[in-house]
Amino acid sequence: MPDWLAAIILGLVEGLTEFIPVSSTGHLLLAKQALGLGDEPWDTFIVMIQLGAILAVVALYFQRLWGVLIRLPGKDPAARRFAISVLLAFIPSAILGLLFHDFIKEVLFNTTIVCVTLIIGGFALIALERWAPKAREFDAMSFSWRTALGVGLFQCLSIIPGVSRSGATIVGGLLLGVDKKAAAEFSFFLAIPTMVGAFSLDFWTSRDMLNGDVLGLIAIGFVVSFISGLFVVRMLVDFVGRHGFAPFAWWRIAIGSIGLAAIWLLA
């Protein structure tokens, strides 16, 4: 398969899975394995194209985010509260990402780990659909700082591929009494600094291998993930409001089970 076609396929997988609680990294690693691609530069590619999907959030929420930015210099209480809440939620995973970056890529980028965590996370979502605490917070832009920090601590679980960054933050939000729609939206907002940080770190640590061919593949995946991410962000909040997270839970369980079966059959 031509590398450019693999880049398009992986870009689609990234954009379609980044914001739903099914683990985009897990799906990308399984897709990479299915396409017969090697570790490098594709592991770096997988991390770096995630920024394309994140820019879809910036594009679709630009007016609200810009409104916060222009009010911050004037010390608007609501703008300051939102900015600090996102920062508080971002810090725990940023610290862990810096400390364990090499361990994550060298050890945890493992398809068996991905499949197992997909299945476990699927059952966790099903349990939350039935027994989540009653919602107390409904606006993603006005979380209490305690709630924001709690969501950030849950995001730390997503350093394990297959857990899902959005899944971990949404589960954390639901357990802390956040409404489903607000949990999904805050996951969008938190993705911006998280993935910008991951992109920057991987760009710096992998800079020696980023030649023209690799950068071209990353550009293809970046654009495709941005376009497909736009579609998902547009529909996800309404979909969650109507159907909850159970469809994603069963998808995780199915993909994880199929993946494990394939690994065992091919071993």
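The values are calculated or read from the model by the stated rules, or taken from the named source; none is laboratory data. Since the model is a prediction, treat every value here as computed from it, not as a measurement. Because the Cβ atoms are built from the backbone with ideal geometry, glycine has one as well, and the counts that use them run over all protein chains shown.
Some observations on this one:
- Some residue of segment 48-67 being free of Cβ contacts under 8 Å to residues at least 60 places away in the same chain, farther than 22 Å from residue 151 by Cβ, among the β-branched types (Val, Ile, Thr) and out of contact with any Cys (no Cβ under 7 Å at 6 or more places or on another chain): no
- Failed criterion for residue 68 (all others in (1) outside any loop (DSSP other than H, G, I, E, B); (2) at pLDDT 85 or above hold): (2)
- Among residues that are among the acidic types (Asp, Glu) and in a helix (DSSP H, G or I), residue 102 is included.
- Against the numbered list (1) in contact with a Lys or Arg (Cβ under 7 Å, 6 or more places away or on another chain); (2) modelled with pLDDT of 85 or more, residue 4 comes up short only at (1).
- All conditions in (1) surrounded by 12 or more Cβ atoms within 10 Å (Cβ to Cβ); (2) without any contact (Cβ under 8 Å) to a residue 24 or more places away in the chain; (3) of a type in the set (A, V, I, L, M); (4) closer than 20 Å to residue 153 by Cα hold for residue 72, with the sole exception of (4).
- Of residues in segment 21-33 being aliphatic (A, V, I, L, M) and either modelled with pLDDT under 85 or under 15 Å from residue 108 (Cβ atoms) (or both), the one nearest to the chain's Cα centre (by Cα): 28
- Any chance residue 103 is over 26 Å from residue 235 (Cα atoms), touching a residue at least 12 places away in the same chain (Cβ under 8 Å) and of a type in the set (Phe, Trp, Tyr): no
- On inspection, residue 236 passes the criterion of being at pLDDT below 85, closer than 23 Å to residue 117 by Cα and surrounded by 15 or more Cβ atoms within 10 Å (Cβ to Cβ).
- Extreme residue, modelled with the lowest pLDDT, among residues of segment 143-163 that are in contact with a Phe, Trp or Tyr (Cβ under 9 Å, 6 or more places away or on another chain) and more than 12 Å from residue 88 (Cβ to Cβ): 161
- Taking segment 239-262 as the range and being more than 21 Å from residue 171 (Cα to Cα) and either surrounded by fewer than 18 Cβ atoms within 10 Å (Cβ to Cβ) or without any contact (Cβ under 8 Å) to a residue 24 or more places away in the chain (or both) as the test, the residues that pass are 257, 258, 260, 261, 262.
- Figure legend. Inter-residue proximity from segment 166-184: first residues in a strand (DSSP E or B), second residues of a type in the set (A, V, I, L, M), beta-carbon distance below 7 Å, spacing 6+ or different chains. Indicated pairs: 178/135.
- All conditions but one from (1) closer than 30 Å to residue 68 by Cα; (2) surrounded by 24 or more Cβ atoms within 10 Å (Cβ to Cβ) apply to residue 122; the one that does not is (1).
- Lone qualifier among 94, 83, 89 - being under 22 Å from the mean Cα position of the chain (by Cα), assigned to a helix (DSSP H, G or I) and without any contact (Cβ under 8 Å) to a residue 60 or more places away in the chain: 83
For every residue, the table says whether it meets (1) under 29 Å from residue 41 (Cβ atoms); (2) acidic (Asp, Glu); (3) in contact with a helix residue (DSSP H, G or I) (Cβ under 6 Å, 6 or more places away or on another chain).
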position: 204; (1), (2), (3): yes, no, no
position: 210; (1), (2), (3): yes, no, no
position: 219; (1), (2), (3): yes, no, no
position: 224; (1), (2), (3): yes, no, yes
position: 228; (1), (2), (3): yes, no, yes
position: 231; (1), (2), (3): yes, no, no
position: 237; (1), (2), (3): no, no, yes
position: 253; (1), (2), (3): no, no, yes
position: 266; (1), (2), (3): yes, no, no
